[in-house]
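K.L.:
One structure follows; several queries about it will come next.
The values are calculated or read from the model by the stated rules, or taken from the named source; none is laboratory data. All of these numbers come straight from a predicted model, not from anything done at the bench. For neighbour counting, all protein chains shown are included, and Cβ atoms are generated from backbone atoms with ideal geometry for every residue, glycine included. Calculation scope for accessible area: heavy atoms of the full protein, side chains included, ligands and nucleic acids excluded. Shrake-Rupley method; radii C 1.70, N 1.55, O 1.52, S 1.80 Å.
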Amino acid sequence: MKIQHILLLSLSLFSFSLLAAPRIAQSPEDIKPLLNGMSAPMVSLQDATGKAVELNSVLKQQDTVLVFYRGGWCPYCNLQLAALREIEPKLEALGYQLIAVTPDSPAAIQASLKETKGAAITYTLLSDSQFNLSSAFGVAYYLDEKTSATYLNTYKLNLNKEASSGKVVLPVPAVYILNKEGLVQYSYQHINYKVRLQPELLLLAARLAKQPNE
């Protein structure tokens, strides 16, 4: 009986590990993002200089608003980055640090840091060029071949591809509020890249996340 229990437990843990493993969805509609109450995966990213940044160390410092965006080449992302810049002081007053993550390379991030709608970005931008964080958060997907061809050949965009498949990988627009233990307090994702979380709603969620449970 004990052996059977051990085997069943081993199979359950194995199945859970498969379900929890980082994955890249076949389309935006197929994503399986982290839910409220789940723990953020701890991976290594890069800052604009190419220096390694351990997410675990960063999250321990302060409650965090973590934003996934497609890249500095995306006009909708640039509008979002500018809107985040406007509310950053209010987020800081609430006790949050603001971090935006992109599959862009560190060199591309440097360009984004210089100017967004006429003003410099002061919050942290990090490179997830290997898609480790976006896939672990369950918000990464393969861009379809037709759109990839348009972006790469017509618009001449320099997009990162997955080494094994040669496919372009992007994150759906997503926002997470995390506490210092790395637990998800609030999450937002949208499969339409043109739709972003409004700053007012983000501020409201940030305030509510700070309130103790009744």
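K.L.:
With the cut-off at 1.5 for a/c, could you classify the stretch 56-140 from its C-alpha gyration tensor as rounded, prolate or oblate?
P.N.:
Note, shape of the stretch 56-140 comes out oblate.
K.L.:
Among Ile121, Leu152, Ala100, flag the residue with its Cα farthest along the positive direction of the charge dipole of the chain, charges on Cβ as +1 for Lys/Arg and -1 for Asp/Glu.
P.N.:
So the residue we want is Leu152.
K.L.:
Which value, in debye to the nearest 20, describes the size of the charge dipole of the stretch 101-176 about its Cα centre when Lys and Arg Cβ atoms bear +1, Asp and Glu Cβ atoms bear -1, and nothing else is charged? The partial results should precede the final answer.
P.N.:
Numbers: 6 positive and 6 negative charges, 33 e Å.
Computed about the Cα centre, the dipole is about 160 debye.
K.L.:
Of Lys32, Lys194, Lys156, which is the most mobile in a GNM of the chain whose springs link Cα atoms less than 10 angstrom apart?
P.N.:
Sorting by GNM fluctuation, first place goes to Lys156.
K.L.:
Hey, if you put +1 on the Cβ of every Lys and Arg and -1 on every Asp and Glu Cβ in the stretch 131-195, which of Val168, Asn179, Asn132 ends up farthest toward the positive end of that dipole?
P.N.:
Val168
K.L.:
Under a Cβ-only charge scheme (Lys and Arg +1, Asp and Glu -1), can you give me the dipole magnitude of the chain about the Cα centre, in debye to the nearest 20?
P.N.:
That gives the chain a dipole magnitude of about 140 debye.
K.L.:
Where is the GNM fluctuation largest for the chain (alpha-carbon springs, 10 angstrom cutoff): Leu201, Leu94, Leu66?
P.N.:
Leu201
K.L.:
Name the most mobile residue of Ala163, Ala140, Ala52, meaning the one with the largest mean-square fluctuation, in a Gaussian network model of the chain with Cα contacts below 10 Å.
P.N.:
Result for the chain, Cα springs under 10 Å: Ala163 fluctuates most.
K.L.:
If you don't mind, another one. If the only charges are +1 at each Lys and Arg Cβ and -1 at each Asp and Glu Cβ, what is the size of the charge dipole of the stretch 159-200 around the Cα centre, to the nearest 20 debye?
P.N.:
180 debye
K.L.:
Moving to a separate point now. Setting aside same-chain residues fewer than 8 positions from Lys60, which lysines have a Cα under 29 Å from its Cα?
P.N.:
Within the straight-line cut-off, Lys60 pairs with Lys32, Lys51, Lys90, Lys114, Lys180, Lys210.
K.L.:
Here is a follow-up. How far apart, in nm, are two points set 7 Å out from the Cα along the Cα-to-Cβ line at Asn132 and at Ser165?
P.N.:
Distance between the two pseudo-spin positions: 2.0 nm.
K.L.:
Another question, then. Between Glu145 and Asn179, what length comes free when the chain is fully extended (0.36 nm per residue of separation minus the Cα-Cα distance, one decimal in nm)? Please report the intermediate quantities before stating the final value.
P.N.:
On the way: separation 34, 0.36 × 34 = 12.24 nm, distance 3.77 nm.
So the extension gain works out to 8.5 nm.
K.L.:
Measure off, as a whole percent, the carbon and sulfur share of the 1.4 Å-probe accessible area of the stretch 127-214, all protein chains present.
P.N.:
47 percent
K.L.:
Could you work out how far apart the two model spin labels at Asn192 and Leu79 are, taking each label as a point 7 Å from the Cα in the direction of the beta carbon, and quote it in nm?
P.N.:
The two pseudo-label positions are separated by 1.2 nm.
K.L.:
Quick one: check the C-alpha center-to-center distance for the stretch 74-113 versus the stretch 177-195, whole angstrom.
P.N.:
Using only Cα atoms to place each centre, the spacing works out to 14 Å.
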